[in-house]
There are 2 protein chains.
Amino acid sequence: MAENIFKTIGHHYIVEASSCDPEIIGSVEKVQQILVKAAEAAGAQVWAISFSRFPPNGVSGVVVISASHISTHTWPENGYAALDIYTCGADVDPEKAVFYAVEAFGASTSHITEITRGIDEGDAAYYHSFVTWEENFRKTKEAEKRRERCNDS
Amino acid sequence: MAENIFKTIGHHYIVEASSCDPEIIGSVEKVQQILVKAAEAAGAQVWAISFSRFPPNGVSGVVVISASHISTHTWPENGYAALDIYTCGADVDPEKAVFYAVEAFGASTSHITEITRGIDEGDAAYYHSFVTWEENFRKTKEAEKRRERCNDS
């Protein structure tokens, strides 16, 4: 039973990132670079990427990682980015990807729900549970440097 | 303000589908076909797809649709498929995609959370809200025919 639970359990982070830097989340290249680096920060292997302009000024992108995915859809005119990261398996730390991406987007606050997926009680009727919190991001020196690197690239 | 709210609002369905048909959710080709058709059922335009074998027997796939995405990760050995569908804009009906995919997977029950994303109260601090329910699927004749078509293809 424990083996089954381990196998199907996934962690899915649903993130609303506010007060993001419009220049960063409005750039297809920068958003792509950030999401690929976020996947790497989580310890995931990137399998495929798809990024495009989301009219009028936003970016829509998906990074397919080992048995998992990261996606974002951004509204630079509102300083808003919708982000979700789903991972399964013990080798990947999705929270690292969340924090990397949200800081690199320059967000000052985020509303985050972590959904634990694929839970069952041995009856093979799968369900999920969730916990929600607010996260304030101090604009740390490290985050500033990251944004500067994005701005320079 | 109403215009901004309309612009950032998205609908994200998080679905645990149980008692799926292992032959369907274990086939990369069938799962890909189902998710593309689910996108079409929702009225969405498919921009990109990425599907692959998720070891040992599962499928991992993402369909990028207009400003949105559909993804799945399946465990045929458990009859379980994790599915999520995010859409924004008024032209796409994500619930149609959810029901199409879950029925085509042959699921008998699903645990579903619909998350309304990108809500703000005019202060540009975005958040989400959610509602969760269980959905039982009678194996209708239509769903049976759909599965037969998948099995034949």
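The values are calculated or read from the model by the stated rules, or taken from the named source; none is laboratory data. Computed from a predicted structure; not experimentally measured. Here the Cβ is made from the backbone with ideal geometry for all residues, glycine too, and neighbour counts use every protein chain on show. SASA here: full protein model, heavy atoms, side chains in, ligands and nucleic acids out. Shrake-Rupley method; radii C 1.70, N 1.55, O 1.52, S 1.80 Å.
Points worth noting:
- Rolling a 1.4 Å probe across all protein chains gives A:Trp47 an accessible area of roughly 110 Å².
- For the chain pair A and B, buried accessible area totals roughly 3600 Å², probe 1.4 Å, rounded to the nearest 100.
- Between A:Asp93 and A:Glu29, full extension at 0.36 nm per residue minus the direct alpha carbon distance yields a gain of 20.6 nm.
- Choice from A:Val131, A:Val92, A:Val102 showing the highest fluctuation, given a GNM over chain A with Cα pairs closer than 10 Å: A:Val131
- Average partner coverage of A:108-117, which counts Cβ from other chains inside 10 Å: 4
- In this simple spin-label model, placing a label point 7 Å from the Cα along the Cα-to-Cβ direction at both A:Ile119 and A:Gln45 gives a separation of 3.1 nm.
- Under a Gaussian network description of chain B, with springs only between Cα atoms under 10 Å, the residue in B:Thr87, B:Thr132, B:Thr116 that fluctuates furthest is B:Thr132.
- Gaussian network model of chain B, Cα within-10 Å springs - most flexible of B:Ala125, B:Ala104, B:Ala48: B:Ala125
- The share of accessible area on chain A that comes from carbon and sulfur is 50 percent, using a 1.4 angstrom probe.
- Kyte-Doolittle mean at least 0.0 and Cα axial length at least 18 Å: DSSP H helices in chain B: B:28-41
- Over all directions, the projected convex hull of the C-alpha atoms in region B:1-121 averages 7.0 nm² in area.
- Rolling a 1.4 Å probe across the protein heavy atoms gives region B:1-126 an accessible surface of 33 Å² per residue.
- Scattering curve values for the protein assembly as shown, log₁₀ I(q)/I(0), Debye with Cα scatterers, q = 0.09, 0.12, 0.14 Å⁻¹: -0.40, -0.72, -0.98
- Taking the label point 7 Å along Cα→Cβ, A:Thr132 and its counterparts in the other copies are spaced 1.2 nm apart, in ascending order.
- Cβ-placed point charges (K, R +1; D, E -1), dipole of region A:1-114 about Cα centre in debye, nearest 20: 240
- Peptide-level mean, for A:40-46, of C-beta atoms on other protein chains within 10 Å: 0
- Total lysine pairs under 15 Å (Cα atoms) in the protein assembly as shown, excluding pairs fewer than 8 apart on one chain: 6
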